[in-house]
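The values are calculated or read from the model by the stated rules, or taken from the named source; none is laboratory data. The model shown is predicted, which means the values in this text are computed figures rather than measured ones. Because the Cβ atoms are built from the backbone with ideal geometry, glycine has one as well, and the counts that use them run over all protein chains shown.
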Amino acid sequence: MHSSLSKKPILSIAPMMDWTDRHFRFFMRLITKRTLLYTEMITSSAILRGDREYLLGYSPVELPLVLQLGGDNPRELAQASKIGEEYGYSEINLNVGCPSSKVQKGRFGACLMAYPELVAECIATMKASTNLPVTVKHRIGIEGKEKYEDLAKFVEVVSKAKCDRFIVHARIAILEGLSPLQNRKIPPLRYEDVYQLKRDFPELVIEINGGILTLQEAKAQLNFIDGSMIGRAAYENPYQFSIADEMFFQDSNFILKREEILLEMLPYIEAHIKKGGKAHHILRHCLGLYYGQKGAKAYRSFLSKLMYSRDFNEICIKLQKLQLTK
């Protein structure tokens, strides 16, 4: 396999629009080296017609890194996959789970669950274009196709295209009447459906997503399936991943303290500003660093004000002062 990834990655952070950008991923690599990271979803058409460096550029420290694609055109997805391989990504993932109305208009995301044969064609064409693993992230169903039998049929059809891994969000997607936020909370979690998939398709690599808040919960899932993906909780409480490398990969990397992480971010922030960027593009991802700690609210208030400073020297001085007060 053309990848340093194992066949069964067991811990990942979910792709999240507006959140898992390159700055968040750089920040997370100061906390965990081994957890699998994802890009935000990028449409295949944007990659083929847009600013590729802006869309696909990343720092090598972010690896292993999955490029998540959106689309329903097998040829375009194959071309985008090949470009992703050329950029050095570790894996290509097809989004079959996003329920937003904008995505539905393009007939991709969760609505593709109604077309398993098309998804299989997309996966087969993508795999023919790249040596990278090609995976699918999907829901357990959509309205009208919400029974376990529908889910099993979808996985059976797509598995024939030699999909390398199925990342299953354990909720159905309600495509009419609910926002993406509501789709993450209102449909009930059905973990047993995902466990049943693994029992029915033991040869497939199956990873679970949805409602997992802590590393302890993620590890407990491994009693039933091959991997766990954490979403919003990873963004809200990123420092919990400081023990992930040891807990999941038996890799005892040196763990940076929270204030040390902020100081390690300074050269990255400076380089971004020199390119015309703003400090808040990066520091907004650090607001949850002290989640659950005494003084977390004061820290968020401090950083919320500091991140909009136009003076990089002021940012340096105040972050260094924060370190001294810890």
- Could you list, in sequence order, the residues of region 244-269 that are surrounded by 15 or more Cβ atoms within 10 Å (Cβ to Cβ), touching a helix residue (DSSP H, G or I) at 6+ places or on another chain (Cβ under 8 Å) and charged (D, E, K, R)? Arg258, Glu259
- Query: Would it be correct to say that Leu30 is closer than 21 Å to Thr130 by Cβ, over 13 Å from the mean Cα position of the chain (by Cα) and modelled with pLDDT of 95 or more?
  - Reply: no
- Query: Of (1) farther than 18 Å from Ala173 by Cβ; (2) at pLDDT 95 or above, Gln68 satisfies all except one. Which?
  - Reply: (1)
- Given Glu149, Glu192, Glu203, which one is modelled with pLDDT of 95 or more, in contact with a Ser or Thr (Cβ under 9 Å, 6 or more places away or on another chain) and among the acidic types (Asp, Glu)? Glu203
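Out of everything in region 264-300 that is over 26 Å from Glu53 (Cα atoms) and part of a helix (DSSP H, G or I), what residue ends up being farthest from the chain's Cα centre (by Cα)? Don't jump to the end; show me each part of the working.
Step one: of region 264-300, the residues over 26 Å from Glu53 (Cα atoms) are 287-300.
Pick out the ones that are also part of a helix (DSSP H, G or I) and you get 296-300.
Details: Ala296: 25, Lys297: 26, Ala298: 29, Tyr299: 26, Arg300: 24 Å.
This residue is Ala298.
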- Message: Ile261 - would you say it is part of a helix (DSSP H, G or I), at pLDDT below 95 and not polar (S, T, N, Q)?
- Response: no
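Yes/no matrix, rows are residues, columns are (1) under 25 Å from Phe24 (Cβ atoms); (2) hydroxyl-bearing (Ser, Thr, Tyr); (3) part of a strand (DSSP E or B):
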{"residue": "Leu67", "(1), (2), (3)": "yes, no, yes"}
{"residue": "Lys82", "(1), (2), (3)": "no, no, no"}
{"residue": "Ile92", "(1), (2), (3)": "yes, no, yes"}
{"residue": "Asn95", "(1), (2), (3)": "yes, no, yes"}
{"residue": "Glu117", "(1), (2), (3)": "no, no, no"}
{"residue": "Cys122", "(1), (2), (3)": "no, no, no"}
{"residue": "Lys127", "(1), (2), (3)": "no, no, no"}
{"residue": "Leu132", "(1), (2), (3)": "yes, no, no"}
{"residue": "Arg139", "(1), (2), (3)": "yes, no, yes"}
- Task: Run down Glu53, Glu76 and say which single residue is touching a helix residue (DSSP H, G or I) at 6+ places or on another chain (Cβ under 8 Å), without any contact (Cβ under 8 Å) to a residue 60 or more places away in the chain and assigned to a helix (DSSP H, G or I).
- Result: Glu76
